[in-house]
Amino acid sequence: MKTKFFGVAVTLMAALVALVGCQKDPDTASANIEIYEESLEAKPEGEELRFNYSIINPVEGVTLTVECDAEWVSNIRSTANFVLFDVAKNDTGAEREAKMKLSYGASHKSLTITQKAFLEPLSLKIEAVDATSVTIAVTALDEETTWIGQIVGREWFEAYDEEQIFNEDFAYYSNMASDAEVSLEEYLSKILSRGSHSGIRMPGLDVESEYVVYIYGMNTLGEKTTSIYYEAFTTTPAYEGNDVTFDFDISVNRSIASITVRPSHEGVAYYHNLTTREHFDALGGDIVALAKDVVATALDNYLYWEYTEAEFFEYNSYYLTDFYDFEGIANTEYVAFAFKWDERLEPLSEISYEWFKIDNIPPSENELKMTISNVTQTTFDIAVEATNNDPYTIFAVEKKELGKLNTDSAIFDYLMDTYGTSQLSLNVCNGPIAGTFSGLEQDTEYAVLLFGYEAGTLTTPIVREDIKTAKAGDVEACQYNVEITEVADRSAHIKISPSDYSVWYYWNVFEASTTEEEIKEYINEVYNSYYYGDYWEFSYYELTQGVSDSYLSQLHPSTDYKVVVVPMAENEYSYTGSMRIVGEFTTNEAVIADITITAGFDAYYDGDEVSALEPDYLSNYQGYAILPMSVSIEGEYSRFLYTIFNYVEGLENPAVYSDDVLLDTLYEVGAYWTPAYFRGEWDKDLMIAAVAFDMEGNPSPIYRHKFILTREGAGDAQEFVDYYMGSISSVKSVGVKSKAYIATSDAPEIELRTKSEGSSRGVKFVKM
């Protein structure tokens with residue numbers, strides 16, 4: 001199809017005159033078109049082009065026309081001096097050519113437009129798919145192009161657009177860099193791929209599951225340099241035969257055996273473990289009896305801790321090649337074994353096995369020296385000098401335990417008989433160190449022992465120093481030195497150092513106006529509601545002995561706080577001393593992130609109908625509406641939280657319930673994955689709340705949305721069951737960044753305070 005442009009007259013008339021009768025055509029014989037290019041080349045990705053022209057001897061009333069014989073040339077327009085036009089992207093795979101013709105009366109000129117085929121900077125091809133892996137090839141137009149790739153569940157991929165996918169990835173890589181304590185640039189420089197590669201096998205997938213593999217260009221600054229290229233695929237079913245075998249790759253370096261277990265068919269459930277030659281011989285050298293005995297012993301341990309047999313099978317089933325390091329005992333022979341099994345915990349395949357031995361450990365030439373200082377009621381500081389990196393351990397026992405044992409061999413034999421390798425291995429170190437040894441009893445004599453130790457073997461002489469811990473003082477005489485640093489709008493760093501390390505104490509941060517009675521009420525509520533009156537749990541997680549060094553988050557901006565210490569008994573719920581205010585500070589003004597988050601659902605479902613279709617997995621939804629919710633975020637973010645509230649009057653209004661009030665609850669119960677499945681009550685006002693955080697941890701404005709659920713509006717239950725059960729299969733992926741997480745949350749029944757009532761008091765902040 002030709003594209004034609006009718007230009008304006010080159011000479012403008014001052015007035016229009018109506019002529020009666022026939023008008024003679026203007027004489028254009030002397031007019032001529034002058035162009036200055038014979039051809040133009042357009043970029044493969046498309047662009048706007050222009051060229052200059054002139055009319056020699058223009059004639060009044062005659063206009064220029066321009067036409068092109070190609071549809072990929074469009075939007076032709078001209079001025080008195082040049083012609084402009086648009087050229088589309090050439091995705092035909094071949095070079096192409098078009099002719100553009102200019103006409104002015106009897107004068108005609110033409111110009112050629114050429115365009116090479118557009119080649120994507122990256123291309124992705126799936127080479128092979130099996131039950132647990134996909135193999136891909138990546139071709140780069142420029143071998144210096146750096147790129148990154150991911151495998152995700154198909155459901156997750158299709159729920160996001162390209163910008164959202166990149167933002168999710170950017171947050172993921174930023175968090176990984178932070179966890180590795182390196183800059184994002186340094187982290188990306190290590191994981192980015194460069195140029196073309198084939199035969200890239202990506203394992204760790206679930207059988208019969210839908211995935212998407214995607215790649216895109218990225219530089220070390222974290223900038224996306226290309227579009228996202230992707231391919232969807234489905235892994236194959238697991239091998240159903242029982243002729244599964246296992247190869248073992250075992251290398252022993254002194255006391256450490258590095259073991260790889262490789263099944264002949266990945267995707268099948270199998271069990272593997274190891275035990276000693278002594279155990280094998282005790283069962284008559286029968287490998288089947290040995291395997292069943294090991295399984296039975298492990299199962300008994302699970303049942304003791306109130307796990308079910310089904311949970312034991314789930315937690316101890318392997319599906320892929322597995323590898324681990326095992327530290328053995330010197331001069332001991334071990335057998336590693338593996339077999340395909342099922343929920344009955346019975347072997348389905350023959351048992352594959354392989355022997356290996358930890359040899360005797362030679363003496364070490366390491367010369368050890370220790371310096372002990374600052375002995376408190378429960379701790380001491382220790383510095384160790386070592387002449388090489390051979391392993392050694394530090395062990396403290398009450399002096400009276402050793403009695404009259406006066407040789408290294410006698411002392412070591414006593415430690416092995418009494419405490420065993422598991423205890424002696426707790427403080428194994430290499431090279432020089434300095435630190436604090438804790439967990440001692442006050443007013444007690446200890447023998448501090450330093451010696452080379454490996455694989456249950458004493459490898460150096462024992463260095464010994466006897467100490468005595470300090471007596472406990474009067475609890476009321478204990479002083480608390482508090483360092484408050486890094487105060488921001490919602491966080492602060494708190495370090496508390498007591499003068500008496502024997503004192504057990506509870507501490508927290510409360511708003512300045514909180515009374516002592518309110519604090520004690522809050523502690524009691526934590527004890528009874530959060531720990532269900534279990535003082536051992538309360539003491540373990542809430543009480544401190546010695547130095548406490550914590551980073552507090554979830555504070556409120558522009559708020560006066562006080563650091564409160566309450567001495568409490570270690571073993572019973574009682575106060576052993578008076579409550580004290582040991583520090584005060586004020587948080588900075590709020591910093592609000594330039595991020596917009598929304599949260600919601602496309603449909604909801606009747607839990608009664610859903611549970612009837614899938615009672616084994618979904619019975620907990622009976623009586624409720626089910627809301628599969630997800631979030632959408634504009635702007636760069638590091639994480640997000642969202643939930644639903646049982647509505648109270650004014651909850652949607654920030655002037656009544658501030659963002660900080662809702663943040664407190666989001667910190668406590670907000671979902672940080674997507675999608676999440678919430679339970680909501682029928683015919684009751686509910687409200688969605690959501691927040692996102694930027695890369696510095698600053699929160700966005702809280703998203704709020706009020707709604708109500710009716711049974712009449714519920715969607716097809718089968719639709720949800722199919723989606724949910726499909727998502728479950730994506731959750732167990734190993735080695736890929738799976739984003740199809742599953743969880744169930746209820747609307748929180750949490751007391752919220754209005755602005756007129758003042759800010760919340762007695763809030764428990766997370767000590768991290």
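The values are calculated or read from the model by the stated rules, or taken from the named source; none is laboratory data. On a predicted model such as this, the values are computed, not experimentally measured, just so you know. As a convention, Cβ positions derive from the backbone with ideal geometry for all residues, glycine included, and neighbour counts pool all protein chains shown.
Within segment 427-456, the residues that satisfy the criterion of being surrounded by 20 or more Cβ atoms within 10 Å (Cβ to Cβ) and over 26 Å from Ser548 (Cα atoms) are Leu449, Leu450, Phe451, Gly452, Tyr453, Glu454, Ala455, Gly456. Considering Ser174, Ser133, the condition of being touching a Lys or Arg at 6+ places or on another chain (Cβ under 7 Å), touching a residue at least 40 places away in the same chain (Cβ under 8 Å) and either surrounded by 17 or more Cβ atoms within 10 Å (Cβ to Cβ) or hydrophobic (A, V, I, L, M, F, W, C) (or both) is satisfied by Ser133 alone.
Scanning segment 724-738 for residues that are of a type in the set (S, T, N, Q), surrounded by 14 or more Cβ atoms within 10 Å (Cβ to Cβ), outside the structural domain of Ile148 (by TED's automatic domain parsing) and at pLDDT 85 or above turns up nothing. Residues of segment 268-293 that are surrounded by 18 or more Cβ atoms within 10 Å (Cβ to Cβ) and assigned to a helix (DSSP H, G or I): Phe280, Leu290, Ala291. Test Leu663 against the stated conditions and say whether it is within 27 Å of the chain's Cα centre (by Cα) and either closer than 26 Å to Asp489 by Cα or of a type in the set (Asp, Glu) (or both). Considered against the rule, which asks whether it is within 27 Å of the chain's Cα centre (by Cα) and either closer than 26 Å to Asp489 by Cα or of a type in the set (Asp, Glu) (or both), Leu663 comes out as yes.
Regarding Tyr104, is this residue over 34 Å from the mean Cα position of the chain (by Cα) and either polar (S, T, N, Q) or surrounded by 20 or more Cβ atoms within 10 Å (Cβ to Cβ) (or both)? Yes.
Taking the criterion of being part of a helix (DSSP H, G or I) and surrounded by fewer than 18 Cβ atoms within 10 Å (Cβ to Cβ), the residues of segment 523-560 that qualify are Asn524, Glu525, Val526, Asn528, Ser529, Tyr530, Trp536, Glu537, Tyr540, Tyr541. Screening segment 668-713 for residues that are among the acidic types (Asp, Glu) and within 27 Å of Asn175 (Cα to Cα) and picking the one that is surrounded by the fewest Cβ atoms within 10 Å (Cβ to Cβ) gives Glu696.
Answer with yes or no whether Val631 is among the hydrophobic types (A, V, I, L, M, F, W, C) and not assigned by TED's automatic domain parsing to the domain that holds Ile708. When the stated conditions are applied, Val631 does not pass them.
What are the residues in segment 207-222 that are assigned to a loop (DSSP other than H, G, I, E, B) and either at pLDDT 95 or above or touching a strand residue (DSSP E or B) at 6+ places or on another chain (Cβ under 9 Å) (or both), if any? Correct list: Glu208, Ser209, Asn219, Thr220. Suppose we filter Thr393, Thr421, Thr460, Thr436 for residues that are of a type in the set (S, T, N, Q) and in a helix (DSSP H, G or I); which single one remains? Being of a type in the set (S, T, N, Q) and in a helix (DSSP H, G or I) holds for just one of Thr393, Thr421, Thr460, Thr436, which is Thr421.
Screening the candidates Thr371, Thr379, Thr407 for the property of being without any contact (Cβ under 8 Å) to a residue 40 or more places away in the chain and under 30 Å from Gln479 (Cβ atoms) yields one hit, Thr371.
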